[in-house]
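The values are calculated or read from the model by the stated rules, or taken from the named source; none is laboratory data. Because the structure is a prediction, the values reported are computed rather than measured. Here the Cβ is made from the backbone with ideal geometry for all residues, glycine too, and neighbour counts use every protein chain on show.
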Number of protein chains: 4
Amino acid sequence: MTKSQPDQPPRKMSRDTRRAQLIEATIETLALRGYARTTLTEVARTAGLSHGLVNFHFDTKEKLLSETLALLAEEYRLNWQAYLERAGADPAAQLAALLLADFDPAICTPARLSAWCSFWGEAQSRPLYQAQCGANDAAYNACIAEICGQLLAQRGYEGDPARVARVLRVTIQGVWLDMITTTPDYTIDEGLATVHACAAAFFPRHFCAAGLIL
Amino acid sequence: MTKSQPDQPPRKMSRDTRRAQLIEATIETLALRGYARTTLTEVARTAGLSHGLVNFHFDTKEKLLSETLALLAEEYRLNWQAYLERAGADPAAQLAALLLADFDPAICTPARLSAWCSFWGEAQSRPLYQAQCGANDAAYNACIAEICGQLLAQRGYEGDPARVARVLRVTIQGVWLDMITTTPDYTIDEGLATVHACAAAFFPRHFCAAGLIL
Amino acid sequence: MTKSQPDQPPRKMSRDTRRAQLIEATIETLALRGYARTTLTEVARTAGLSHGLVNFHFDTKEKLLSETLALLAEEYRLNWQAYLERAGADPAAQLAALLLADFDPAICTPARLSAWCSFWGEAQSRPLYQAQCGANDAAYNACIAEICGQLLAQRGYEGDPARVARVLRVTIQGVWLDMITTTPDYTIDEGLATVHACAAAFFPRHFCAAGLIL
Amino acid sequence: MTKSQPDQPPRKMSRDTRRAQLIEATIETLALRGYARTTLTEVARTAGLSHGLVNFHFDTKEKLLSETLALLAEEYRLNWQAYLERAGADPAAQLAALLLADFDPAICTPARLSAWCSFWGEAQSRPLYQAQCGANDAAYNACIAEICGQLLAQRGYEGDPARVARVLRVTIQGVWLDMITTTPDYTIDEGLATVHACAAAFFPRHFCAAGLIL
DNA sequence: GATGAATGAGCCTTCATTCAT
DNA sequence: GATGAATGAAGGCTCATTCAT
């Protein structure tokens, strides 16, 4: 038996555990230090591990970043799809669900938002972004445009569904960017209220500043 | 010593010309290579100048980036203020002017948008951003909120002016981000149409997808 | 715990078998990747064994290389001595045997030649080479010089036995180097013919291009 | 005026001077530490310069090694061609010149021989060797074979010119290898005597152990 | 015996900065 | 003013070695 040393991390961990741990440390580091200053040494230090281990598990820094982005993309996709599924068949409820999804406390954390911004802002990472997120983004766009189309068809709304969908999407995106770059902290509620205000402008009979009108 | 060679840049140039040349090269380099890969050597090469000259004119890389951001902020501010001044006293015309201003071909170039994104996305540059742009952004926000307030007061609109103003602002910001990160090229017209669609949703009697209703 | 799987190597193997397996993999790796790029990981992969086993059996990389060279030296010595023993008492037959020995298909394989070259070429390995091969080489030199001396004493040949012996030895060595470094593949027969041409020049009444004159 | 500091190397030197200096340091380092342990830091230390300068002048380690080999190949080629030119039209004199050329004190230094061995011995460097030296070697081989052919045609010699040429060439090569790997120092004279013994065996009416018979 | 995760020294490379010319 | 050689810190990556399982 080994003497347990509570301060030391266990020397051996399953491959997937370590990988997840390192990816989480990468997200934190991206958020705290930015893309340009995210070094393997810093990621390792954040994870409380040695820098050699990063290369052991991910081979290259590029792959680490790629898998980090893949994780963010996947958890984002699973999140909105879960919200959507729970919303039922009503398009207004579906749209409300999509808007809420992006402010879910598991998704909309300062570290995650900041990590997303790192990938958006760094020209170098754009091919990576397209490769990892292009398909997801397309699916999301198609979904929200379809929902907007159904809503617009109700009760005499007018407008181009794709364009309305895009306004909603960029509003969310812009609010996220605001939440990161604005100094005085924005609450999730304030962000959501902004997005709801936008939805209410397009669909006043379905949405108000507080969200979906029941 | 050196004989003048007509193809060479003149050996003596005004201090400000050289600085402007280097800042322009910095914007291009930020756009092309991203924040993390923007090196002084690359900036100098883009400007067609020697490596050492960058430090001669800006002392440190940090100052070069700082002055680049200052230039972007200043030209942005002058642009929207000029649009606003030309718009006259009508709040609808003023709002239309602000929206158009952000898509002016001198401001809304791929290189400039990409450079802005670099500063937004890089956590490291956020204090710099606050220092250089915080006051400008506050002035812009106050201005657009004031205009939205005046418009809302007309003909029975409802809503919180600050929140409407924020939706418009983040929509512009989100469209800019979209224009940079989305693969299929977005035209300026499409971006503007998206923003007008948003304005039309809030102010349907003043705006339509084509812009201000005269 | 582990169920025996017929396709897996047996979990227990004799110590010497494992060591021989690893040394053989070292020779292959030296040949394929060169001294500088011969890593324990690559050796283990070539042997189809796990990384950690190399250190288990050889403690350090240096010892692995040392024992690899010792094996090469020993099999080389045993080979020429066996050829010599089978040659009988006639010096011409003995010399012919020594020349043939170095082109025996068990000794003169691309991998083994290349491994020898690795040890010759790498300054770092020269003390090791002296330690492992010095005595063998001295014995070989004494032996071939003695044989040349006996041959020279026959039928009116002239010349310094040590020097003739050295020419023959460096010719073999040079042909080996050629066989490794020259692009178009050299056959063993061509190499041997070259060495026989050299022997024929010194001992025309005993050797021709085809070898010993019977 | 700057105070001259005799112990410091001049801070600035012409590009070509520095490159030659670094290549010479590379040869010394290859000889002293071997291919595997030749690091840029060590090369720079040998040259008395900072390690960053190596990359400034050569971009990568690979290019440094490549240019080092190119220099060795070129000086080797110029040397034997100069010897050959001075030898006149007589094939025996030409062959004697070629043999002497390879033991010229400018070419046949311990450092240079050892550097050659590094490139021969390291499998990794063989493509480089072919690229840099393949054409030179082919020219040398054609030249020595032509000379041997002319000599063989004289006074009743027999033999295959290409094979005789190869024996002479590999003898030189093998002596070079011997001069590096053998512990007790070999003199240039002893090496040359060995090669002359070989030539004398093939061309006894033209060569003796002391060289060309006048 | 055997495995493979973990560590850390050392390498190549990049790059901001300095400085002689 | 302007150039480009030179420096050295820091980053990514490789790999010998250690060690818990």
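Flag: A:THR194 matches the condition of being closer than 15 Å to A:LEU212 by Cα and not hydrophobic (A, V, I, L, M, F, W, C). Among the residues of region B:180-194, those that are more than 10 Å from chain A (Cβ to nearest Cβ) and touching a residue at least 12 places away in the same chain (Cβ under 8 Å) comprise B:ILE188, B:LEU192. Of the residues making up region C:123-155, those that are more than 25 Å from C:LEU78 (Cβ to Cβ) and either within 21 Å of the chain's Cα centre (by Cα) or more than 13 Å from every other protein chain (Cβ to nearest Cβ) (or both) are C:ALA123, C:GLN124, C:ALA153, C:GLN154, C:ARG155. With a requirement of 3 or more residues that are more than 16 Å from DNA strand E (Cβ to nearest atom) and within 14 Å of another protein chain (Cβ to nearest Cβ), the helices (runs of 4 or more DSSP H) lying completely within region C:18-93 that satisfy it span C:61-87. Of all residue pairs spaced 6 or more apart or on separate chains, those with beta-carbon atoms under 8 Å, a first member in region C:46-65 that is exposed (fewer than 14 other Cβ atoms within 10 Å of the Cβ) and a second member that is at pLDDT below 95 and outside any helix (DSSP H, G or I) are C:GLY48/C:PRO9.
B:ILE107 meets the conditions (1) away from DNA strand F (no atom under 16 Å from the Cβ); (2) without any contact (Cβ under 8 Å) to a residue 12 or more places away in the chain in every case but one. The failed one is (2).
In region D:72-94, the count of residues that are touching a strand residue (DSSP E or B) at 6+ places or on another chain (Cβ under 8 Å) and surrounded by 15 or more Cβ atoms within 10 Å (Cβ to Cβ) is one or more.
Which residues, counting only those in region C:147-172, are charged (D, E, K, R) and surrounded by 15 or more Cβ atoms within 10 Å (Cβ to Cβ)? Within region C:147-172, C:ASP160, C:ARG163, C:ARG166, C:ARG169 qualify. If you check B:ALA201 against the conditions, is it crowded, with 20+ Cβ neighbours inside 10 Å and without any contact (Cβ under 8 Å) to a residue 12 or more places away in the chain? Criteria met by B:ALA201. Looking across region D:53-71, the residues that are of a type in the set (A, V, I, L, M) and within 15 Å of DNA strand F (Cβ to nearest atom) come down to D:LEU53, D:VAL54, D:LEU64.
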